[in-house]
Amino acid sequence: MKPSIVLYKKLPADLHQRLEKHFSIVEFEGITEENRPKVFDALQQAEGLIGSGGAVNKELLDHAPRLRGVSTISVGYDNFDVDELTRREIPLMHTPTVLTETVADTVMALVLATARRVVNVAERVKAGEWTSNIGADWFGVDVHHKTLGIIGMGRIGLALAQRAHFGFDMQVLYNARSQHKAAEERFGAKKCELDELLAKSDFVCVLLPLTNQTFHTIGKEQLAKMKSSAILISAGRGPVIDEKALIAALQEGTIHAAGMDVFETEPLPKNSPLLSLPNVVALPHIGSATHETRYGMAACAVDNLIAALTGEVKENCVNPHILKK
Ligand SMILES: NC(=O)C1=CN([C@@H]2O[C@H](COP(=O)(O)OP(=O)(O)OC[C@H]3O[C@@H](n4cnc5c(N)ncnc54)[C@H](OP(=O)(O)O)[C@@H]3O)[C@@H](O)[C@H]2O)C=CC1
Ligand SMILES: O=CC(=O)O
């Protein structure tokens, strides 16, 4: 009999078939408040779990006594209780690399859209406001030759630095725990303390994962250290930025604008003040959302689960130290 797995995200047909060759699949559309009891029921027999979104915490794991492998269709894994998975010796697999270039494109799109006010002016054109030669009230600010600060110089940070350096002749500053020689040698990036990065950057791009250490890395105090002409880009995880403090900074002119792909609450609530600020470009967490990349992520996650359950993990494991030799 094939091992049973729980799938909680719809997959392309061919990838579903690839999984079906190895496993008997119980499928759900996400893990929600409503379907939680049914998911818990299916988890009693499940040896594998694959999907994205929804918390995979101790409560859920307590309903999954036979679980041997978990695969998320994402690179970020902040909604997984990694300590609890590790304690139970369950490998957690994720999808780094396959989405890196696409997410870096999204971040660059946010840089350009906020600086050049692309969304705002396009809306004005559609509203019929372009009735004569445009004046300064339609102008944006330059991106090329400015200074771009990257907070979190990992895979995506490196791909962003490449775009900024070669595409836009920008000076790149970065803040991370370790030194990133590749970024320094290839893109002239300079490592600096957070305060220095905030004070010198025209664009501050936050690409940190969400952890206990990174929660609210950018708050009132940090925003006050930025140039009043600076633009903040948030594309790691929403809670890395104190959204209340950011809203106040945007309203009071402490900083010039913000481009955001991630938020403290997602989907962004309809009454969020961010939605009525003209100097905010808000995207619905589309960092990796192209057809090609989302397919690549799903394929990677399927292969990751097969590897985890057949004992053949070579890469993409968040807690590799638990793997049996
Ligand atoms: N908007 C979207 O759709 C997407 C968002 N993401 C988010 O982007 C994040 C980054 O992805 P990726 O680049 O692949 O991840 P990486 O793990 O390659 O990079 C993370 C970087 O963050 C740094 N970092 C982590 N913790 C700290 C800390 N406490 N203080 C300072 N720096 C820290 C790391 O520093 P060091 O190098 O020193 O270890 C590293 O440079 C993901 O975790 C995810 O949350 C990812 C994909 C899509
Ligand atoms: O936010 C997306 C991810 O892959 O992480």
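List of remarks:
- Take each peptide in 305-311, 203-209, 154-160, count the other Cβ atoms within 10 Å of every residue, and average; sorted highest first, the result is 203-209, 154-160, 305-311.
- Residue-level accessible surface for K227, protein heavy atoms, 1.4 Å, Å²: 60
- Heavy-atom accessible area ranking, 1.4 Å probe, most first, across Y295, Y8: Y295, Y8
- The chain - mean residue ellipticity at 222 nm from DSSP helices (-39,500 (n - 2.57) per run, n ≥ 4, rounded to 500): -10000 deg cm²/dmol
- For the residues W130, W138, a 1.4 Å probe over the protein chains yields an accessible-area ranking, largest first, of W130, W138.
- Whole-Hz ³J(HN,Hα) from phi, Karplus 6.51 cos²θ - 1.76 cosθ + 1.60, for the range 285-294, glycine and proline x: 6, 9, x, 9, 7, 10, 4, 5, 6, 5
- Computed with a 1.4 Å probe on the full set of protein chains, the accessible area for T100 sits at about 10 Å².
- Global form of the range 173-247, assessed from the alpha-carbon gyration tensor, a/c cut-off 1.5: oblate
- Scalar couplings 3J(HN,Hα) for the range 128-137, obtained by applying the Karplus form with A = 6.51, B = -1.76, C = 1.60 to θ = phi - 60°, are x, 7, 8, 10, 8, 3, 6, x, 4, 6 Hz; x denotes Gly and Pro.
- Projecting the Cα positions of A189, L207, I241 onto the charge dipole of the chain (unit charges on Cβ atoms of Lys, Arg, Asp and Glu, taken about the Cα centre) puts A189 furthest along the positive direction.
- With all protein chains modelled, accessible area of D242 [1.4 Å, Å²]: 40
- Placed amide H near G259: partners under 5 Å, 5+ positions off or other chain: L232, I233, S234, V281
- K191 long-range amide H proximity, modeled H, under 5 Å: Y174
- T214, T32, ranked by accessible area, largest first (probe 1.4 Å): T32, T214
- The DSSP beta bridges internal to the chain are antiparallel in roughly 5% of cases.
- Viscosity 0.692 mPa s, temperature 37 °C, Stokes-Einstein D of the chain from Kirkwood C-alpha radius, µm²/s: 154
- Cα Rg over Rh - the range 246-325, Kirkwood: 1.22
- Calculated from backbone phi, Karplus (6.51, -1.76, 1.60) coupling profile of the range 315-324 in Hz, x at Gly/Pro: 8, 6, 9, 6, 10, x, 5, 8, 5, 6
- Dipole-positive endmost among A258, P320, L268 within the range 235-325 (Cβ charges, Cα centre): P320
- Two-decimal Rg/Rh across the range 94-227, once Rg and the Kirkwood Rh are taken from alpha-carbon atoms: 1.03
- Percent accessible area from carbon and sulfur atoms, the chain, protein chains only, probe 1.4 Å: 52
- Under 5 Å between amide hydrogens, built in the peptide plane, is the criterion, and for M170 it picks out H145, H165 among residues at least 5 positions away or on other chains.
- Anisotropy class of the range 157-296 from Cα gyration tensor, a/c 1.5 cut: oblate
The values are calculated or read from the model by the stated rules, or taken from the named source; none is laboratory data. Only a predicted model underlies this, so the values are computations on that prediction, with no experimental measurement involved. Note: ideal-geometry Cβ built from the backbone for every residue, glycine included; neighbour counts use all protein chains shown. Each accessible area value is taken on the protein alone, full model and side chains, heavy atoms only, with ligands, DNA and RNA left out. Shrake-Rupley method; radii C 1.70, N 1.55, O 1.52, S 1.80 Å.
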